[in-house]
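Worksheet: one structure, shown below.
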Amino acid sequence: MQTLLVTGSSGLIGSEVVDLFCGLGWQVHGLDNNMRANFFGPGGDTRWNQRRLLALHETFHHHETDIRDREGIDSIVQGLRPELIVHAAAQPSHDLAACRPFDDFEVNATGTLNLLEATRRHAPEAVLVHLSTNKVYGDRPNQIRLRELPTRWEYDDPALRDGIGEEFPIDQSKHSLFGASKLAADVLVQEYGRYFGLRTCCLRAGCLTGPNHCGVQLHGFLSYLIKCNVEERRYSVFGFKGKQVRDNLHAFDVARFILTFFEKPRCGEVYNIGGGRANSISILEAFDRVSSLSGREMSYEYKDQSRVGDHVCYISNLSKIKRHFPGWNVTKTLEEIFSEVYEAMSPPPKLGRGSRRAIGNGAVAQNIS
């Protein structure tokens, strides 16, 4: 039986990976200490998802370990010697990184180094997939010429019709401290692949989402936006007239790619991964879409000041990832994503307040009241 180690296993991507690989009969070990709750408060708490995974999968094993604990990480990798490692643990917020720069860098950069070095020492044949971010490109995408449409910004260069590719520059731009720490991790993962020959790849993600996302104001675009509509909260729009564009990819499709990469790995690779143009949407367009599901108008306030390092328009070019792995594609449409997340945020009354419904690979309903 093959063994998988997932960091950030209670989070959006980590939990989807657990669901998929446990369903395939793997022994799956998850590493998570619920630091998202420390970062974001009760709204970011992922214990409910940890409990869901333990209840659902006999082959899932939880480790209450901090990614910054070098000795702890080394011991776990040495003991398991996994065939596959998925690194999804992270501090994911621009704004929080500015308030807690040491925590941000130690989690995102040093934590990645801890895992890479433990892999090199104890599991050099393992495949390691790192969840990076499109924020490694800094705000350079904002230098692309844009045209303004009624509900969104759009690239004004036909060459960028399919979005931003991996050759896009990563330096000489403002990244935010979060973007800088994730870029450090990204380069480290590449280097352990190219220098030491480890089979690694970085997934530079657009907006990843799904029904298991604990969206908060500082992180989790669609999840938090839909939550605000369902709970009749006021949503804050930061700059760009609410026309900023993101491409959105369901966590299930990320997990599917990780399995695809494991089956045919490469050393030190980088892939932009997202929903592509077909799954792109602006904030204003997202308001209309969720309102059509709920029947409620979106309540929001507009703040002219945009977030540091934020993108006006970002669409992932998927040409390279599809060229290297033609068997992988985006299976979850934007309509399906909205429906699943909305349903998860709107559980039947019998489940009780605070319940969550996990939909996707291995659908279950869990009452965490």
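The values are calculated or read from the model by the stated rules, or taken from the named source; none is laboratory data. Just so we're clear, the structure is a prediction, and the values are computed from it rather than from any experiment. So basically every Cβ, Gly included, is an ideal-geometry build from the backbone, and we count neighbours across all protein chains shown.
Quick notes
Yes/no matrix, rows are residues, columns are (1) modelled with pLDDT under 95; (2) touching a helix residue (DSSP H, G or I) at 6+ places or on another chain (Cβ under 8 Å):
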| position | (1), (2) |
| --- | --- |
| GLN217 | yes, yes |
| PHE261 | no, no |
| ASN272 | no, yes |
| ILE283 | no, yes |
| LEU293 | no, yes |
| ARG296 | no, yes |
| GLU301 | no, no |
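- Which listed residue is at positive phi and without any contact (Cβ under 8 Å) to a residue 60 or more places away in the chain, from GLY295, GLY242, GLY268: GLY295
Conditions tested, residue by residue: (1) of a type in the set (Val, Ile, Thr); (2) surrounded by fewer than 21 Cβ atoms within 10 Å (Cβ to Cβ); (3) more than 23 Å from LEU318 (Cβ to Cβ).
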{"residue": "ARG147", "(1), (2), (3)": "no, yes, no"}
{"residue": "ARG161", "(1), (2), (3)": "no, yes, no"}
{"residue": "GLY165", "(1), (2), (3)": "no, yes, no"}
{"residue": "LYS174", "(1), (2), (3)": "no, yes, yes"}
{"residue": "LEU177", "(1), (2), (3)": "no, no, yes"}
{"residue": "PHE196", "(1), (2), (3)": "no, yes, yes"}
{"residue": "LEU203", "(1), (2), (3)": "no, no, no"}
{"residue": "GLY210", "(1), (2), (3)": "no, no, no"}
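- Test: residue in segment 192-209 that is of a type in the set (Val, Ile, Thr), in contact (Cβ under 8 Å) with a residue 12 or more places away in the chain and farther than 30 Å from LEU84 by Cβ: no
- Contact map, segment 132-150: residues that are of a type in the set (A, V, I, L, M) paired with residues that are modelled with pLDDT of 95 or more and part of a loop (DSSP other than H, G, I, E, B), Cβ distance under 6 Å, separation 6+ or inter-chain. Pairs shown: VAL136/ILE170; LEU146/ASP156.
- Scanning segment 243-271 for residues that are among the aliphatic types (A, V, I, L, M) and closer than 19 Å to LEU12 by Cα yields LEU249, ALA251, VAL254, ALA255, ILE258, LEU259.
- Subset of segment 141-156 [farther than 12 Å from LYS243 by Cα and not aromatic (Phe, Trp, Tyr)]: PRO141, ASN142, GLN143, ILE144, ARG145, ASP156
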